[in-house]
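Note sheet for the following structure.
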Amino acid sequence: MAFDIVFSFGIIMIASTIVALVARKLKQPLLLAYLITGVIIGPLALGLVSNTQDILVFSELGVAFLLFAIGIESNFSKLFRMKYLIVFGSLLQVAVTTAIVFALMGVLGFGFIESLYVGLILAFSSTVIAVKYLSDKNQINTLHGRLIIGFAIVQDLVAVMLLPLLARPETIFDIGLLSGFLIGLAVLFVLAVLLNKLLLPRLLKSNAKNQELFFLIVISTGLCFMYVANLVNFSIAVGAFIGGLTLSNLPYNTEALSRIRGLRDFFTTIFFVSLGMQLTLSIAAFPIALAVLMFLTVYLLNPLIYYLITYFAGYGSRNALTVGLALEQASEFSFILAAQALMLGQMSQGVYSVAILVIVVSMATTPYMLESSSKAYSFLHSVFKRLFPKYSSKKFNRKLKELEYLPKEELEGHIVILGSGVFGNSVAAVLRNYATVVLIDHNPSNILSNIKKRLYSVYGNGESEEVWQKANIEGAKIVISTIPDTRAAMSIIKRLREANEKSVIFARAHNFEEALQMYKLGVESVIMPQVLGSNECIRQIQNFLNTGKTISSKLKNEFINYLKGKAALERKYS
């Protein structure tokens with residue numbers, strides 16, 4: 001039996017590697033590769049893995065480690081400014097989706113507890129999928145990125161509290177059982193506070209240089225919470241998530257996450273492959289009407305609810321659409337809910353099969369939905385303008401107006417800088433003495449910092465039509481691109497060159513191929529900071545070898561004082 005499990009793991013990892021390599025070659029998401037792997041080696045196709053129940057046990061551990069990592073990554077401080085929208089918006093969405101699905105399932109003839117489970121399964125969205133996509137696209141700190149992560153994290157917390165209640169619905173009405181539930185939850189949070197304040201900071205600090213001990217401490221923290229959660233009748237995934245939160249605000253959280261990344265990826269792969277293995281196409285097991293309802297919920301209802309919440313909150317239709325598309329999929333907690341319901345006999349095998357299908361398909365299609373968000377917005381925006389030409393959305397963009405500071409006079413012959421990081425701000429600080437400078441950035445913290453420094457700034461994406469109009473990019477004398485997204489930078493450069501041949505364009509590139517492509521698009525000068533930096537470093541080293549002299553202490557102290565001032569500003573406005 002032990003050898004069978006090892007053999008099954010071998011099949012899963014080898015097959016996942018092969019399919020993942022093909023997916024990467026075809027430029028498809030790895031998540032999709034893992035799900036397809038499960039379908040191929042599972043009972044639906046080749047049936048190479050027979051002991052699926054044992055694999056499901058390990059996949060539960062995969063979910064736990066996944067949520068442990070999410071807990072470590074969760075940073076609530078960055079979301080504090082939008083706390084009311086995030087909390088009440090998430091609760092509203094979960095309540096509305098659950099209520100609508102619950103009512104429609106009642107019409108279809110399903111029971112109370114099964115309808116409630118399905119409503120919640122469809123209400124929650126995947127933090128892992130959203131964070132991975134935003135991280136890959138360098139959009140974690142964008143306005144829509146913070147909204148997406150905030151909504152998803154609040155949903156996770158709601159799911160953590162609902163899991164044990166759903167396992168024992170009588171707890172809600174039984175004072176004794178309810179008190180037991182609350183005591184169990186209190187035990188986990190008290191343990192989290194004690195470890196976070198008293199033990200873990202000292203333990204991690206004293207063993208930070210010993211990689212093995214540091215790794216063992218982090219893993220032991222997660223396993224400790226899983227064990228305690230199991231003792232108080234909570235899911236181990238709930239315990240793992242709370243354990244991750246215990247480490248999230250410590251100075252060593254980044255290091256802790258890097259230490260467990262390999263283990264997390266291993267179990268996560270097993271989890272997603274096991275999801276694919278559970279798919280079935282048996283028509284007899286599928287309630288077709290329920291399948292239609294569930295797919296309509298994740299692809300239409302959830303995005304619409306999030307769109308309306310974000311739009312009416314004043315964040316504009318583009319951000320609202322991106323948030324809706326990013327949160328259309330089912331969650332890791334959806335899988336946990338479905339598995340719990342099936343195991344406890346609260347859900348039939350047919351409903352469970354449909355739920356797994358919806359979870360898998362919605363997760364797999366999310367990257368494609370987000371990739372098409374800009375085209376979808378342009379299309380919907382043009383259609384809406386034709387249908388309602390007199391409609392004004394100014395009051396629904398009020399939050400974006402707070403992230404905008406522009407001169408009252410019309411912009412013409414000015415300088416536009418795309419990206420207001422260290423490079424962009426340094427350039428702006430000098431060039432504002434020669435002409436009007438407008439900075440464009442999609443990090444709201446950067447924009448707020450610029451506004452406090454009285455630098456003209458606009459929040460948004462350089463590819464956005466609204467941003468082009470506000471900053472009058474076509475009428476700019478000089479355009480400087482410092483944004484890290486090369487694809488977006490080249491798209492903007494190409495569009496600008498077509499619109500205004502007289503504009504002088506400067507751009508930053510990460511490698512020589514990018515620099516060459518930018519020159520072909522008509523860029524006046526391409527800057528490669530790493531090349532300039534390495535050349536300056538070589539010059540200083542050569543100077544030391546030739547003369548034996550290093551940089552003067554006076555100049556060095558001046559530079560250190562300059563860095564201190566800039567670092568203080570970063571801490572103040574970040």
**Request:** Mind telling me which of the residues Leu250, Leu231, Leu223, Leu204 ends up being surrounded by 13 or more Cβ atoms within 10 Å (Cβ to Cβ) and out of contact with any helix residue (DSSP H, G or I) (no Cβ under 7 Å at 6 or more places or on another chain)?
**Result:** Leu223
**Prompt:** Out of all the residues in the range 383-414, which are closer than 24 Å to Ala313 by Cβ and assigned to a helix (DSSP H, G or I)?
**Reply:** Val383, Phe384, Lys385, Leu387, Lys394, Lys395, Phe396, Asn397, Arg398, Lys399, Leu400, Lys401
**Asked** Within the range 401-413, is even one residue surrounded by 12 or more Cβ atoms within 10 Å (Cβ to Cβ), in contact (Cβ under 8 Å) with a residue 12 or more places away in the chain and touching a Ser or Thr at 6+ places or on another chain (Cβ under 6 Å)?
**Response** yes
**Complete:** Given the conditions (1) crowded, with 19+ Cβ neighbours inside 10 Å; (2) at pLDDT below 80; (3) over 21 Å from the mean Cα position of the chain (by Cα); (4) of a type outside the set (Asp, Glu), every one holds for Ile283 apart from (1)
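From the set of residues in the range 414-429 that are surrounded by fewer than 20 Cβ atoms within 10 Å (Cβ to Cβ) and closer than 12 Å to Thr482 by Cβ, which is nearest to the chain's Cα centre (by Cα)? Let's see the steps before the verdict.
So the first thing to find is which residues in the range 414-429 are surrounded by fewer than 20 Cβ atoms within 10 Å (Cβ to Cβ), and the list is 421-423, 426, 429.
When the remaining residues are screened for being closer than 12 Å to Thr482 by Cβ, the result is 421-423, 426.
Values: Gly421: 21, Val422: 24, Phe423: 25, Ser426: 29 Å.
Once the filter is applied, the top-ranked residue is Gly421.
Could you tell me whether Leu216 is over 16 Å from Glu73 (Cα atoms) and either part of a helix (DSSP H, G or I) or in contact with a helix residue (DSSP H, G or I) (Cβ under 9 Å, 6 or more places away or on another chain) (or both)?
Numbers: over 16 Å from Glu73 (Cα atoms): yes; either part of a helix (DSSP H, G or I) or in contact with a helix residue (DSSP H, G or I) (Cβ under 9 Å, 6 or more places away or on another chain) (or both): yes.
Answer is yes for this residue.
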**Complete:** From the option list Met347, Met294, single residue qualifying as assigned to a helix (DSSP H, G or I), more than 30 Å from Asn397 (Cβ to Cβ) and either modelled with pLDDT of 85 or more or hydroxyl-bearing (Ser, Thr, Tyr) (or both) is Met294
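Which residue, of Ala355, Ala313, Ala326, is under 25 Å from Ile129 (Cα atoms), assigned by TED's automatic domain parsing to the domain that holds Thr127 and over 21 Å from the mean Cα position of the chain (by Cα)?
Ala355
When the range 293-306 is examined, which residues are found to be crowded, with 19+ Cβ neighbours inside 10 Å and either free of Cβ contacts under 8 Å to residues at least 40 places away in the same chain or among the polar types (S, T, N, Q) (or both)?
Of all residues in the range 293-306, those crowded, with 19+ Cβ neighbours inside 10 Å come to 293-294, 297-298, 301-303, 305-306.
If the condition is that a residue be crowded, with 19+ Cβ neighbours inside 10 Å and either free of Cβ contacts under 8 Å to residues at least 40 places away in the same chain or among the polar types (S, T, N, Q) (or both), then Thr297, Asn302, Pro303 are the ones that fit.
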**Request:** Inspect all residues belonging to the range 101-122 and state whether any of them is modelled with pLDDT under 85 and either in a helix (DSSP H, G or I) or within 22 Å of the chain's Cα centre (by Cα) (or both).
**Result:** no
**Complete:** Leu275 fails exactly one of (1) closer than 20 Å to Thr97 by Cβ; (2) in contact (Cβ under 8 Å) with a residue 12 or more places away in the chain; (3) in a helix (DSSP H, G or I), namely (1)
**Item:** Filter result for Ser248 (assigned by TED's automatic domain parsing to the domain that holds Glu60 and free of Cβ contacts under 8 Å to residues at least 24 places away in the same chain)
**Value:** no
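The values are calculated or read from the model by the stated rules, or taken from the named source; none is laboratory data. No experiment lies behind these values; they were computed from the predicted model shown. Using ideal geometry, Cβ is built from the backbone for each residue, glycine included, and neighbour counts are taken over all protein chains shown.
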